[in-house]
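To start, the structure under review is shown below, and the notes come after it.
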Amino acid sequence: MALFTNPKLRWIVWSGWNGLCPRCGKGPMFAGWLKLAKTCPACGLDYSYASTDDGPAFFALCITAFPLMFVVVWVQVRFDPPWWVHLLTSVPILVLGCVASLRPFKGWLAASQYVNQAAEAGAADVWTDPSASAKADDQT
């Protein structure tokens, strides 16, 4: 599996899923449960570059909710339980699965943005010159 032997990918997954700084791997990436810290206390990396937006929720829903729906439909068709059985089983699994995976996904996406130097289309100069986006706005 060449995918898992890629050191760049291994670093992104390790630092992101552990919530550690993607530059040094020592400082915490989060100041709260889902709130990114302003900077890394170990190396000073500014986390303002990170714009994960709805990405964590998308991955949490796709990996947890989508497969669970097949299980719920199968249980309904096979056993025809009353509605409260789904309320006591499916809903907690769905909520816990989605909520518990939000932080690792957010860390993974933020680490991926840093390691790959992701930027908005047309904003590649921002990585080398943070005032480049302001200069580009002034020219338009």
Can you give the charge dipole size of segment 7-119 about its Cα centre, rounded to the nearest 20 debye, using +1 on the beta carbon of Lys and Arg and -1 on the beta carbon of Asp and Glu?
420
Spatial extent of segment 7-119: Rg and Dmax, with the Cα atoms as the point set, Å:
17.7, 56
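Where a number appears in this text, it was derived from the coordinates with a stated rule and is not lab data. Just so it is clear, the structure is predicted and the values come from calculations on it, not from any experiment. Every residue, glycine as well, gets a Cβ built from its backbone with ideal geometry; the counts of neighbours run over all protein chains shown.
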